[in-house]
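What follows is a short report on a single structure.
The values are calculated or read from the model by the stated rules, or taken from the named source; none is laboratory data. Given the structure is predicted, the values throughout are model-derived calculations rather than measurements. Glycine also receives a Cβ, built like all others from the backbone with ideal geometry; neighbour counts cover every protein chain displayed. Heads up: the accessible areas ignore ligands, DNA and RNA and are worked out on the full protein's heavy atoms, side chains in. Shrake-Rupley method; radii C 1.70, N 1.55, O 1.52, S 1.80 Å.
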Amino acid sequence: MSHAFHRSASILALGTALLAAAPSLAAPKADPAATVGKIVASKPFKAAVARLDADFDRTVADIVTLTEIPAPPFKEEARAKAYLAMLKAHGLTDVTMDAEGNVMGIRPGTATKGKGPFVVMAAHLDTVFPEGTDVKVRREGTKLMAPGIGDDTRSLATLLAYMRALDAAGIKTRSDILFVGNVGEEGPGDLRGVRYLFNKSAYKGRITAFFSMDGSDPTRIVDGGTGSKRYHVAYTGPGGHSYGAFGTVNPMTAMAKTVVDLYAVQTPKDPKTTYSASVTGGGTSVNSIPHDVFMQFDMRSESAAELAKLDQTLLGIIDAAVAGENAARDTRFGKITAEPKVIGERPAGATPRTADIVVLTSAAITALGFKPEHDISSTDSNIPMSLGIPAVTIGSGGKAGRAHALDEWIDVEKGESLRGMQVGLAALLAVAGVD
């Protein structure tokens, strides 16, 4: 499948310099399966797994505790503060909350002793659910049910379990690991947490590999990032009485024409590129020509170039629809105008299938008895992918369902959950390097 995306020469130069500074993150010289197999078969890894097993009830308790702290979009602070305290209790260094609300801490490596470059493992603090949503966890057998419990609270607890397991087994990595609980992954958050991490935080330019843990499926490797752009378009006009001012320009006509003409656009199937007219509203009364209406549009593509092309097409359609309405009807009381406002923008990108982080993660999935499934999606990994920094999104292990629904659930049956949890741990150790 084709993935078209652009990277500037300066970003490529930065990536080259960072990789040179971190030999353990370069493309693996040994067979990836052998590298991961050696890790998984080692006594320290088995000791870490034993700790995951012994601590499993604590991990489940962490899931419940964090899920029951509401974290609606842009209001993640209470959960962030709780997670910050948990990170401090797990012995990380430089545990902080940044200006955007992300919380993080360092597990120093033997090569650079906490100074970087860093391998990041992140999970997002926010949920899609609005303020006031009942987030009390219900349990039926091994199933836990609550909004946001699988997307992405389970992953936050899994990161804590990894920290305890690594310490208990005495495992030291060559590269520094930065554990992150980030804000703003969902919907209107527009990846603001990870965007800040890579572009404005103290770790800008110091991250050489990025794992986002999001969802549960241990077989999934998201190595392609679907880009998106979203608009709120406000159409305005003079308005008037539907009978007395009949013939006056109508903003709803321009809006309708925009939708009709957009849906005549043929987009490529490969790279997959889509659009949607999604939300609308406005008007005064049934017997009034509206003076303002609005429409929200969503556009997505696996290709940055195709997304940019579609973006320009939509803006051209809006302009033509407005001009057409002003030419077709009476403008003596005023003309129709349209104001497109960007309400969301996520860059497209991809991590090559040959990259260290992809082949080692795939090997970890295979080593634990699963079949790797490569996927393209919109996740926190979009940001580093767009910058040319190796990144993948993986699952926390176990089964789950009904994400983004009020009856969202995860299954915490111990055997399957532990097997799935080992995938992320093995992949992290393979990428960070083990002494």
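Tabulated data
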{"quantity": "Failed item, numbered, when Gly244 is tested on (1) open to solvent by 30 Å² or more (accessible area, probe 1.4 Å); (2) closer than 30 Å to Arg154 by Cβ; (3) in a loop (DSSP other than H, G, I, E, B)", "calculated": "(2)"}
{"quantity": "Elements of type strands (runs of 3 or more DSSP E) contained in the range 290-406, each with 3 or more residues being open to solvent by less than 10 Å² (accessible area, probe 1.4 Å), under 30 Å from Pro251 (Cα atoms) and modelled with pLDDT of 95 or more", "calculated": "292-301"}
{"quantity": "Number of the condition not met by Ala202 [criteria: (1) assigned to a loop (DSSP other than H, G, I, E, B); (2) among the aliphatic types (A, V, I, L, M); (3) open to solvent by 20 Å² or more (accessible area, probe 1.4 Å); (4) in contact with a helix residue (DSSP H, G or I) (Cβ under 6 Å, 6 or more places away or on another chain)]", "calculated": "(4)"}
{"quantity": "Filter result for Gly141 (crowded, with 16+ Cβ neighbours inside 10 Å and over 22 Å from Ala168 (Cα atoms))", "calculated": "no"}
{"quantity": "Residue check, Arg107 within 17 Å of Gly193 (Cα to Cα), open to solvent by less than 60 Å² (accessible area, probe 1.4 Å) and of a type in the set (D, E, K, R)", "calculated": "no"}
{"quantity": "Output for the range 113-154, where each listed residue is acidic (Asp, Glu), within 22 Å of Pro384 (Cα to Cα) and over 20 Å from the mean Cα position of the chain (by Cα)", "calculated": "none"}
{"quantity": "Unique match (being open to solvent by 40 Å² or more (accessible area, probe 1.4 Å), part of a loop (DSSP other than H, G, I, E, B) and either modelled with pLDDT under 95 or within 22 Å of Ile39 (Cβ to Cβ) (or both)) among Asp217, Asp167, Asp134", "calculated": "Asp217"}
{"quantity": "Matching residues, the range 80-104, being acidic (Asp, Glu) and surrounded by fewer than 16 Cβ atoms within 10 Å (Cβ to Cβ)", "calculated": "Asp94"}
{"quantity": "Evaluation of Ala34 against (1) touching a Pro at 6+ places or on another chain (Cβ under 6 Å); (2) part of a helix (DSSP H, G or I) (one fails), failing number", "calculated": "(1)"}
{"quantity": "Hits in the range 249-276 - residues which are among the hydrophobic types (A, V, I, L, M, F, W, C), farther than 16 Å from Gly237 by Cβ and either in contact with a strand residue (DSSP E or B) (Cβ under 6 Å, 6 or more places away or on another chain) or in contact (Cβ under 8 Å) with a residue 40 or more places away in the chain (or both)", "calculated": "Val259, Leu262, Val265"}
{"quantity": "Residue identified as closer than 27 Å to Thr273 by Cα and open to solvent by 30 Å² or more (accessible area, probe 1.4 Å) among Arg174, Arg230", "calculated": "Arg230"}
{"quantity": "One residue from Gly101, Gly105 being assigned to a loop (DSSP other than H, G, I, E, B) and touching a helix residue (DSSP H, G or I) at 6+ places or on another chain (Cβ under 7 Å)", "calculated": "Gly101"}
{"quantity": "Any chance Phe210 is out of contact with any Gly (no Cβ under 8 Å at 6 or more places or on another chain), open to solvent by 10 Å² or more (accessible area, probe 1.4 Å) and either in contact (Cβ under 8 Å) with a residue 60 or more places away in the chain or farther than 25 Å from Tyr275 by Cβ (or both)", "calculated": "no"}
{"quantity": "For Arg154: the one exception among (1) basic (Lys, Arg); (2) more than 30 Å from Val434 (Cβ to Cβ); (3) not in a loop (DSSP other than H, G, I, E, B)", "calculated": "(2)"}
{"quantity": "Gly184 vs. criteria assigned to a loop (DSSP other than H, G, I, E, B) and touching a Lys or Arg at 6+ places or on another chain (Cβ under 9 Å)", "calculated": "yes"}
{"quantity": "Considering residues of the range 251-278 that are assigned to a loop (DSSP other than H, G, I, E, B) and touching a Phe, Trp or Tyr at 6+ places or on another chain (Cβ under 9 Å) only, the residue most open to solvent (accessible area, probe 1.4 Å)", "calculated": "Tyr263"}
{"quantity": "Positions within the range 38-59 being surrounded by fewer than 17 Cβ atoms within 10 Å (Cβ to Cβ), assigned to a helix (DSSP H, G or I) and either touching a strand residue (DSSP E or B) at 6+ places or on another chain (Cβ under 7 Å) or small (Gly, Ala, Ser) (or both), in sequence order", "calculated": "Ala41, Ala47, Ala50, Ala54"}
{"quantity": "The one condition in (1) surrounded by fewer than 24 Cβ atoms within 10 Å (Cβ to Cβ); (2) not in a helix (DSSP H, G or I) that Gly415 fails to fulfil", "calculated": "(2)"}
{"quantity": "Leading residue by the ranking (farthest from Pro188 (Cα to Cα)) among those in the range 110-128 that are open to solvent by 10 Å² or more (accessible area, probe 1.4 Å) and of a type in the set (A, V, I, L, M, F, W, C)", "calculated": "Ala111"}
{"quantity": "Conditions (1) open to solvent by less than 60 Å² (accessible area, probe 1.4 Å); (2) touching a strand residue (DSSP E or B) at 6+ places or on another chain (Cβ under 9 Å): number failed by Asp62", "calculated": "(2)"}
